[in-house]
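Worksheet: one structure, shown below.
The values are calculated or read from the model by the stated rules, or taken from the named source; none is laboratory data. These numbers come from a predicted model, not from an experiment. We place every Cβ from the backbone using ideal geometry, glycine too, and count neighbours over all the protein chains shown.
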Amino acid sequence: MSAALTWIWKALGDLIDGPLRSLQKHIGAHRMAYVFLAPNLIIFGLFSFWPMLLNFYIAFTGGQSVILAERPLIGVENFRELLACPSYLDPRTCPVAGYSFWTGLWNTLFFALVQVPIMVVVALVTALILNRNIRGRGFWRAVYFYPVMLSPVVVAVIWDWILKRRGILNALLDDMVSGWNDLARSGVWFEIGLGLILLLPLLPVTRALLARIASPHRLRLSHGLAVGLAILLSTWLARSGGLVLPDYRPVNWLIDQRAGWPMFWVIFVYTWGHLGFYMLILLAGLQAIPRDLYEAAEMDGTSRFRSFWRITLPLLMPTMVVVLVLSLIRAFQVFDEVYVLTGGGPGQATKMIIQHIYESAFIGDAKRYGIAAASSVLVAGLLMVLTLVQLLVTRRRAGG
Amino acid sequence: MITGAEIGTFLSRRRGIGRLHWSDWLTYGYLLMGVLIVLLPILWMILSSLKSPAALVENDPRALPYEQITIPAADGKSHTVFLWTRSDGVAVDVALVGVRGLNARVFEPGRPDTVFEVPRASLQRKETVAPRWDNYTEPTIGSTQSRTFNFLRYFWNSSFVTVVATLLTLIVNAMAGFALSKYRFAGRDAMALVIIATLLVPPTVILVPLFITVSKLGLLNSLWGVIIPAVATPTGVFLLRQYMLTIPDELLEAARMDAASEWKIFWRIILPLSLPALSVLAILSVMWRWNDFMWPLIVLTQSEVFTLQLGLSTFKGELNDNMHHLLAMTVLTLLPVTLVFVVLQKHITTGIANTGLK
């Protein structure tokens, strides 16, 4: 098997070698570098640079044609339509395209500014815990990383199935509420249990209350008082029905906009799918911190808390910045998960800026390529600043 | 790879339970909770994918795929079987014929001629655990359903894109990495700068011009339109260039003495020696391509050329009563990635941790 592969490998190499060898005779060995670079540069040029320049041009054209010659130049009309809003904070005051643009932009900003800090903090906590001296670290790390391998579409299908109105999450919550209510109505055993739980905080309270009393029976008195109070409170709470929760009403998590649930779940699902990646980067950063630093700190009697603030955090800072900027760039480009999960809905509640670009150009009868390109130019400006920051930071880290 | 020994040490941690500090309890509690949040949704989908359409419509919250037992009827249909609790407390099996008011007309299996009436409240569905493998076979090898979800076609398209794009990505970027690391030529630094500058242009912001370019080249609704534009990745070039810098130049000089052509040096010396870096890029590329969604969504609009991701998302958007197929196909879509991950877990995590890419 492997012998056959080697043979194929050599034969393939020789096959390409024929024409390239004669080319080398003509231009010399040194210039072969250009030949090696050529495929890459052609693809870069055709599918990165040329489109980038083209984007600026299209942003100033109108019409619905894909053929450039048929697109009339209309000046800054597209930008005017996007930016001519009396108030940017209220997209409803904008023209149609501007409404979509600003809704998407504000949603994306909200999404990024909430999602990134939450994810970075959870990723950091998880990385710190995985960096402890625990058993089966490889297993835990693999499980946390696993969702990163899944495609956004798969992730969206999984969570859509869980979050349906009659899905498993609502069923579980319903079970929990009715289970608790059954318990709360179950009578004397519930009262005894509740009394015992209440006793825990009541004991120190009564002891403190009776601290001034100089009586030989003080301790017995305070204990008695606590028990009495616990019995009274638990019977009153249980009998009054104050602990019985209202019946659970299933929430349409991805459709019911009233409490902002769709945006919550979009953030949750996106974080669920990407957390493992940032955790992995942070864990690698943590493991690069030399062990002897901690050992030296321990010798000096430094507390764990202090060595975290004085050693771990400062040395992890470069990695933290990379994670922060990288996750911010990615969050600004969020599309796949959200598009499949909610389609930007309900209404426009979870419509992100990339979805605005995509829909302006490719959805519906009016293919507004000009509007999409103009929006891209505006978003690209924002992303370029972020990416530049990231490159500078990474370079500084690599350069030491 | 998750070895048996690792799971073993993990499970047997109980032995040292007396020595566990309270913070260890918190640690393991946190880890366990996280693992549940990660794995339970996936597990729930896998379990659901084996249920019957009826159970899915009902949203049966039980984990296992229960199905009501039926016995064949004379007219080719079937009777559902119930457990009838008689007034004397004994429970017997009965098959349902029909419903009349609060009563049900039933007969005992084996005696279909003696139909009698019992109160419906005394009946309980008699169920058995029956995984419905048809959910998996109908859209894949079945004939009637293949029109709604042509799994094999999508699977082939996805595999084609993934394999071809990964091979091209490796070759094209390795060639560029070789040129940038082993040659001195005019404009080398400028070209390196140009390549890294493309990092500044995420594909999400050049969708329209890219679409126009691809359509002008006649690549719309062609898998090549998905494959080619992202073949040259600046990250790939730099990953490979950094690695190739560590290969000693003496090797190349020795080969040149033996009159090897530049291409042969690349093919026979550089590529085999760069295998570690190439495998990292290969893993990344497979992940990118198999999971890619947005660019295929724009380039491919006809269902014959859909990738799995496109097929799934379209299928999800279309209908709700085919949930049993959607869930099963989602499981089949995540299966290859999961298998690759289980086998190559160590390589993948270390590769990604070292490059900072995914």
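In table form, for the structure just shown:
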| item | result |
| --- | --- |
| Any chance B:ARG132 is part of a loop (DSSP other than H, G, I, E, B) and surrounded by 15 or more Cβ atoms within 10 Å (Cβ to Cβ) | yes |
| Pairs, first not assigned by TED's automatic domain parsing to the domain that holds B:ASN291 in region B:165-189, second part of a helix (DSSP H, G or I) and surrounded by fewer than 15 Cβ atoms within 10 Å (Cβ to Cβ), C-beta under 8 Å, six or more apart | none |
| Considering residues of region B:41-63 that are more than 16 Å from the chain's Cα centre (by Cα), assigned to a helix (DSSP H, G or I) and not small (Gly, Ala, Ser) only, the residue farthest from the other protein chains (Cβ to nearest Cβ) | B:PRO53 |
| Tally, over region A:340-356, of residues that are part of a loop (DSSP other than H, G, I, E, B) and under 18 Å from the mean Cα position of the chain (by Cα) | 7 |
| Within region A:51-164, helices (runs of 4 or more DSSP H) holding 1 or more residues that are within 12 Å of chain B (Cβ to nearest Cβ) and under 27 Å from the mean Cα position of the chain (by Cα) | A:96-130, A:137-149, A:152-163 |
| Single condition B:ASN322 does not satisfy, out of (1) over 30 Å from B:ILE42 (Cβ atoms); (2) away from every other protein chain (no Cβ under 11 Å) | (1) |
| Top-ranked residue of region B:108-127 - restricted to ones that are of a type outside the set (D, E, K, R) and in contact (Cβ under 8 Å) with a residue 24 or more places away in the chain, ranked as surrounded by the fewest Cβ atoms within 10 Å (Cβ to Cβ) | B:GLN124 |
| Evaluation of A:LEU328 against (1) touching a helix residue (DSSP H, G or I) at 6+ places or on another chain (Cβ under 9 Å); (2) without any contact (Cβ under 8 Å) to a residue 12 or more places away in the chain (one fails), failing number | (2) |
| Subset of region B:4-40 (residues that are more than 28 Å from A:THR271 (Cα to Cα) and either of a type in the set (Ser, Thr, Tyr) or modelled with pLDDT of 75 or more (or both)) | B:THR9, B:SER12, B:HIS21, B:TRP22 |
| Residue among A:SER303, A:SER240 that alone is within 14 Å of another protein chain (Cβ to nearest Cβ), loosely packed, with under 15 Cβ neighbours inside 10 Å and either over 16 Å from the mean Cα position of the chain (by Cα) or at pLDDT 85 or above (or both) | A:SER303 |
| Scope region B:150-186; condition more than 26 Å from B:VAL286 (Cβ to Cβ) and within 9 Å of chain A (Cβ to nearest Cβ); matching residues | B:LYS182, B:TYR183, B:ARG184, B:PHE185 |
| Among the residues listed as A:LEU194, A:LEU200, the single one being surrounded by 12 or more Cβ atoms within 10 Å (Cβ to Cβ) and in the same structural domain as A:SER234 (by TED's automatic domain parsing) | A:LEU194 |
| Region A:310-324, subset within 11 Å of chain B (Cβ to nearest Cβ) and over 12 Å from the mean Cα position of the chain (by Cα), residue modelled with the highest pLDDT | A:THR319 |
